[in-house]
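Chemist: To start, I am sharing the structure in question, which I have written as structure tokens.
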Amino acid sequence: MNDILTARCIDINTPYCPCILADLNNCVHCSRLRGEDICDCDWAGICIYYEKYWQKKEVGDTKAKARTQIETEFEICEQISADIFKISIPVTSIFASMLKKIGSFIFIKLIEDPDYFFFPVGIMKVGTENLEVIIEKVGPKSKRIFGEKQKICVKGPYYNGILGQPWIEHVSYGKIILIAGGMGQAPAISIAEHLLTNHNIVTAIIAPGQSQVFAKEDLEKMGCEVFSVCSIRRVGIPMLKDLILTEPKPDLIVSAGPDEQHYGIIDAMKNVNVNLPMAATNNATMCCGEGICGSCKKVMHNGVMIPTCKLQTSFNQFKDNV
């Protein structure tokens, strides 16, 4: 597989396209919906411009579709460490089905809090009518929901929690190495589930980070070979180098963890002169999830700044990797 992905909006050809950026003449994909005179997109699907200005008018709807918001009450399933909790969130079956796509995440807050208390949370498991997520109390937003009141507002779905999703979605009968450190263990479970569904062989290297190892049992039950190590940097990366050089070579590397881990894996591949596709969890700061606020923007090698809550690309295309 090619290790370069063309940047593409994660919401394209979904019910959320055209989105509010198209309303504001700032579409990240369509040049016509950015106020330009020439159409120069490479999208082979249904034309976004057509959907915005012609198709929608037929039904009298020119507004972008809003994300779903539901009110619910969560339950703490397990306290993993002093500040890290596994919680279960009851939702409707329709809402749960919308979050089965890899890379899905939600925004949550207490019902009575203003909208600027929303914070993003990645999905670990999706049930028929519930979600399981891991939340770390790291600031006023996340600490807030663990007070006396546990009634929360959940908003979603959002889909760009993993960069390099096309590789995960399309690889089959392949050899995959999954590296998960700390809180990255949570999305690693849903990633592994998808990879195994497509008949891939998954070898996982997991480490506790600032928490503890909590994904080992789930991954082993799925059928992954799991190596639990004390540190990704000290033990996991050297182990990864050996696995990369073992024939047959891996078809895909997946890094679930902090950006420092992503960089370490890229450097490890460079050190052994192996260039493999790498999918990675998206750790950008997010406030709105709609490409409006600018908090998640990063500069790519071509100098273009993109909102990483909306644009699907590969992690190694960011200028920070230089």
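Chemist: Quick check: pseudo-label points 7 Å beyond the Cα along Cα→Cβ at residue 116 and residue 274, how many nm apart are they?
Modeler: Modelled inter-label distance: 4.8 nm.
Chemist: Residue 151 versus residue 243, label points 7 Å from Cα toward the beta carbon: distance in nm?
Modeler: Result for the modelled spin labels: 4.5 nm.
Chemist: Could you give the distance between the Cα centres of region 110-144 and region 234-275, to the whole Å?
Modeler: Cα centres, region 110-144 to region 234-275: 31 Å.
Chemist: Within the chain, which is the longest segment containing none of the chymotrypsin sites (Phe, Trp or Tyr not before Pro) that sit in a DSSP loop and have at most 16 other Cβ atoms within 10 Å? Please report the intermediate quantities before stating the final value.
Modeler: On the way: sites that count: 43, 146, 173.
With a cap of 16 other Cβ atoms within 10 Å, the longest stretch comes to 174-322.
Chemist: Report the normalised scattering of region 105-204 as log10 I(q)/I(0) at q = 0.16, 0.19 Å⁻¹, calculated by the Debye formula with identical scatterers on the alpha carbons.
Modeler: Rounded to two decimals, the profile gives -0.77, -0.97.
Chemist: Continuing with this model, one more query. Taking Rg and Dmax of the Cα atoms in Å straight from the coordinates, which label in (i) 19.9, 60; (ii) 19.8, 63; (iii) 22.9, 74 is the correct one?
Modeler: (i)
Chemist: Let me test this: with uniform point scatterers at the alpha carbons of region 44-159, what is the Debye-based log₁₀ I(q)/I(0) at q = 0.14, 0.15, 0.20 1/Å?
Modeler: -0.64, -0.70, -1.05
Chemist: In percent, what relative contact order does the chain have, based on Cα pairs under 8 Å that are 6 or more apart in sequence?
Modeler: Values: 652 pairs, mean separation 56.3, N = 322.
About 17 percent, as a whole number.
Chemist: Additional query: Report the FRET efficiency, 1/(1 + (r/R0)^6), for residue 44 and residue 235, where r is their Cβ-Cβ distance and R0 is 56 Å, rounded to 0.05.
Modeler: Working from the Cβ atoms, E equals 0.80.
Chemist: List the aspartates and glutamates whose Cα lies under 14 Å from the Cα of residue 143, skipping any in the same chain that are fewer than 8 positions away.
Modeler: 83, 113
Chemist: List the relative contact order of region 168-322 as a percent without decimals, with contacts defined as Cα pairs under 8 Å and 6+ residues apart.
Modeler: Relative contact order of region 168-322: 20 percent.
Chemist: Round to the nearest 10 and report in Å² the accessible area of residue 144, as given by a 1.4 Å probe over the protein chains' heavy atoms.
Modeler: The value for residue 144 is about 100 Å².
Chemist: Might you work out the accessible area of residue 29 for me, using a 1.4 Å probe with all protein chains in place, and round it to the nearest 10 Å²?
Modeler: Surface accessible to solvent at residue 29 totals approximately 20 Å².
Chemist: What pairs in 86/216; 65/101; 175/270; 100/310; 65/149; 137/241 have C-alpha atoms more than 24 Å from each other?
Modeler: As for pairs spanning more than 24 Å Cα to Cα, those are 65/149; 137/241.
Chemist: In whole Hz, what ³J(HN,Hα) sequence does region 6-13 give by Karplus (6.51, -1.76, 1.60; θ = phi - 60°), x for Gly and Pro?
Modeler: Once rounded to whole Hz, the list reads 6, 4, 8, 5, 5, 8, 4, 6.
The values are calculated or read from the model by the stated rules, or taken from the named source; none is laboratory data. Owing to the predicted nature of the structure, the values given are computational and were not obtained by experimental measurement. Ideal geometry is used to build each Cβ from the backbone, glycine not excepted, and the neighbour counts take in all protein chains shown. With ligands, DNA and RNA removed, areas are computed over all heavy atoms of the protein, side chains included. Shrake-Rupley method; radii C 1.70, N 1.55, O 1.52, S 1.80 Å.
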